[in-house]
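Below: one structure, written as structure tokens.
The values are calculated or read from the model by the stated rules, or taken from the named source; none is laboratory data. Quick caveat, the model's predicted, so the values are computed rather than measured. So basically every Cβ, Gly included, is an ideal-geometry build from the backbone, and we count neighbours across all protein chains shown.
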Amino acid sequence: MALLIDGPNMLRKEFNVDLDKVRDALEQFGDIVVGRVYLNQYASDKLIEAIANQGFEPRISAGDVDVEMAVDGTELIFNKNLDTLVYMTRDADFLPAIRKAKERGKQIIVVGAEPGFSTAIQNIADHVIRVEEDFELDKEKLEQKKREREHSISASESGPEENTEVQKNSEPKKSSTDSFKDGISNSINWLKK
């Protein structure tokens, strides 16, 4: 996945964003292969260094940060190795790029915060993560995603000839799918703390 962070919009003192927590929250959706933080020309050297030290690519713009981020997001739509784009922003400036990404079959995750978290950008996203004081995932959408994933896993693991009653009563063996589910549960529990 590609993570594009609107620095001036999201990396503000009032949100107290921890990029490691952002990375951890997104881990359940896949690996971050592209991680960019867009900053304006007034970003401090200390901030730029901290972003780079956390493994993100700082992108400094002398012009409008949103324009550079939207252009990069649009270019990433055509990267066949990426199936998910994550926009960390609160504003609706990225709606055209997000619509185009969805047309091309990309999954969209939006990470944002109140006040000013655009309803339009939340409604178009496949998943919404809200940065709150404790950085919790949007519980309703997360539970829905978990149910869908469990349903698709159980449907693919059970063939038409299998007896589902026997499966319920038999002791399940620990598969990689179970380990994956345990990892998601552990991540969710960690985020709830």
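Which numbered condition trips up Arg59, out of (1) in a strand (DSSP E or B); (2) under 17 Å from the mean Cα position of the chain (by Cα)? Among (1) in a strand (DSSP E or B); (2) under 17 Å from the mean Cα position of the chain (by Cα), Arg59 violates only (2). Pairs are defined by a Cβ separation below 6 Å, a sequence spacing of at least 6 or placement on different chains, a first member in the stretch 94-121 that is in the same structural domain as Val67 (by TED's automatic domain parsing) and modelled with pLDDT under 95, and a second member that is surrounded by fewer than 17 Cβ atoms within 10 Å (Cβ to Cβ) and assigned to a strand (DSSP E or B); no pair meets this definition.
Residues in the stretch 1-15 that are farther than 22 Å from Thr74 by Cβ and either touching an Asp or Glu at 6+ places or on another chain (Cβ under 7 Å) or in contact (Cβ under 8 Å) with a residue 60 or more places away in the chain (or both): Phe15 only. Among the residues of the stretch 114-131, is any out of contact with any Ser or Thr (no Cβ under 8 Å at 6 or more places or on another chain), within 14 Å of Leu11 (Cβ to Cβ) and outside any helix (DSSP H, G or I)? Yes; the residues of the stretch 114-131 include at least one that is out of contact with any Ser or Thr (no Cβ under 8 Å at 6 or more places or on another chain), within 14 Å of Leu11 (Cβ to Cβ) and outside any helix (DSSP H, G or I). The numbered conditions (1) within 18 Å of Ile124 (Cα to Cα); (2) surrounded by 15 or more Cβ atoms within 10 Å (Cβ to Cβ); (3) of a type outside the set (Asp, Glu) are all true for Arg99 except (2).
Of all residues in the stretch 62-94, those that are part of a helix (DSSP H, G or I) and more than 19 Å from Ala120 (Cβ to Cβ) total 6.
Tell me, yes or no, whether the stretch 67-84 has at least one residue that is farther than 21 Å from Glu103 by Cα and among the hydroxyl-bearing types (Ser, Thr, Tyr). No, the conditions are met nowhere in the stretch 67-84. For the stretch 87-103, filtered to residues that are of a type in the set (A, V, I, L, M, F, W, C) and under 16 Å from Pro115 (Cα atoms), the residue that is nearest to the chain's Cα centre (by Cα) is Met88.
Evaluating Ser44 against the criteria (1) of a type in the set (Ser, Thr, Tyr); (2) more than 16 Å from Ala125 (Cα to Cα); (3) within 13 Å of the chain's Cα centre (by Cα) leaves one unmet condition, (3).
Looking at the stretch 1-27 only, could you name the residues that are surrounded by fewer than 17 Cβ atoms within 10 Å (Cβ to Cβ) and either outside the structural domain of Ile108 (by TED's automatic domain parsing) or under 16 Å from the mean Cα position of the chain (by Cα) (or both)? Within the stretch 1-27, Asp18, Asp20, Lys21, Arg23, Asp24, Glu27 meet the criteria.
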